[in-house]
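Single-structure report; data block below.
The values are calculated or read from the model by the stated rules, or taken from the named source; none is laboratory data. Model, not experiment: these values are computed from the prediction. Methodologically, a virtual Cβ is constructed for each residue, glycine included, from the backbone with ideal geometry; neighbour enumeration extends over all protein chains shown. Heads up: the accessible areas ignore ligands, DNA and RNA and are worked out on the full protein's heavy atoms, side chains in. Shrake-Rupley method; radii C 1.70, N 1.55, O 1.52, S 1.80 Å.
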Amino acid sequence: MKHTTIACIFDLDGVLVDTAVYHYQAWKKLANSLGFDFSHAQNEQLKGVNRMRSLDMILNWGGIAKSDAEKEELATLKNTWYVDMINKMSASEVLPGSAALLQQLKAQGIKIALGSASKNSGLILERTNLTHFFDAIVDGNSVTSSKPDPEVFLKGAELLSTPPENCIVFEDASAGVQAALAANMSVVGVGEAENLPGTDLIIKDLSGVTVEELIALIEEK
Ligand code: B16
Ligand code: MG
């Protein structure tokens, strides 16, 4: 069978590492300092959503209006608390199967990119010892439109010199799945099927898929 060149693009938070718990703690501290709280279910809606949009949603839940300058201050304050927490991360916080899959992809010469909304991806990858796996990094510092816009993944494909239809995106957030579909890429959903409609495959974590299954996803399209 003719071998197709494929590339893999990974979301960070919720796919490779579980930084969602730190985002939640920092946002909760901010909301509490403003005199309100929000639920775990509301927190789910923040997954994959960029920092300023997350702040807008949280202020809306608290029924609080702030100027743009105040919002910048609040987002910076939350990020200071969040960075304090991720600075203490280690390789033990990499989600099950992630490092092994990255290793196997690399061994087979399959190109790997990061496609994350986070502006802190460099620090997280460094702290968890994952940086060396990536041929390209696209994150919140290098895109102008956030997920569900496909920009983050299309940039990744371009940097890996791979056509979008040969790329597989790994995502835990609905906004990210929509972005990957809009980019005409195959999508592996990490999490629960009911939260991630439109995916080609659903797994609990990255130990749930082999490189052969990923190649078949593209070759059998
Ligand atoms: P930061 P991902 C996203 O990462 C998170 O899921 C989301 O909760 C967060 O608000 C966003 O990054 C921005 O993060 O404040 O560090 O720039 O899932 O796209 O890897
Ligand atoms: Mg995510």
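What the table shows:
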{"quantity": "Residue match in segment 107-117 (condition: open to solvent by 20 Å² or more (accessible area, probe 1.4 Å), within 24 Å of Ser146 (Cβ to Cβ) and under 16 Å from the mean Cα position of the chain (by Cα))", "calculated": "yes"}
{"quantity": "Subset of segment 50-103 (residues that are assigned to a loop (DSSP other than H, G, I, E, B) and over 23 Å from Cys8 (Cβ atoms))", "calculated": "Gly62, Gly63, Ile64, Ala65, Lys66, Ser67, Asn87, Lys88, Ser90"}
{"quantity": "Residue within segment 82-92 that is at pLDDT below 95 and either touching a Phe, Trp or Tyr at 6+ places or on another chain (Cβ under 6 Å) or within 16 Å of ligand 2 (Cβ to nearest atom) (or both) present", "calculated": "no"}
{"quantity": "Top-ranked residue of segment 17-68 - restricted to ones that are away from ligand 1 (no atom under 16 Å from the Cβ) and open to solvent by 60 Å² or more (accessible area, probe 1.4 Å), ranked as nearest to Ala173 (Cα to Cα)", "calculated": "Asp37"}
{"quantity": "Residue in segment 204-218 that is free of Cβ contacts under 8 Å to residues at least 40 places away in the same chain, open to solvent by 10 Å² or more (accessible area, probe 1.4 Å) and within 16 Å of Gly14 (Cα to Cα) present", "calculated": "yes"}
{"quantity": "Contacts under 9 angstrom Cβ, first residue in segment 120-140 being in contact (Cβ under 8 Å) with a residue 40 or more places away in the chain and over 19 Å from Glu158 (Cα atoms), partner crowded, with 18+ Cβ neighbours inside 10 Å and acidic (Asp, Glu), 6 or more apart", "calculated": "Asn120/Asp139; Ser121/Asp13; Ser121/Asp139; Ile124/Asp13"}
{"quantity": "All positions within segment 179-196 that are part of a loop (DSSP other than H, G, I, E, B), under 19 Å from Lys221 (Cβ atoms) and open to solvent by 30 Å² or more (accessible area, probe 1.4 Å)", "calculated": "Asn184"}
{"quantity": "Positions within segment 135-173 being within 13 Å of ligand 1 (Cβ to nearest atom), open to solvent by 10 Å² or more (accessible area, probe 1.4 Å) and of a type outside the set (Gly, Ala, Ser), in sequence order", "calculated": "Ile137, Asp139, Asn141, Val143, Lys147, Pro148, Asp149, Glu151, Asp172"}
{"quantity": "Hey, Ala179 away from ligand 2 (no atom under 16 Å from the Cβ), modelled with pLDDT of 95 or more and within 17 Å of the chain's Cα centre (by Cα) or not", "calculated": "no"}
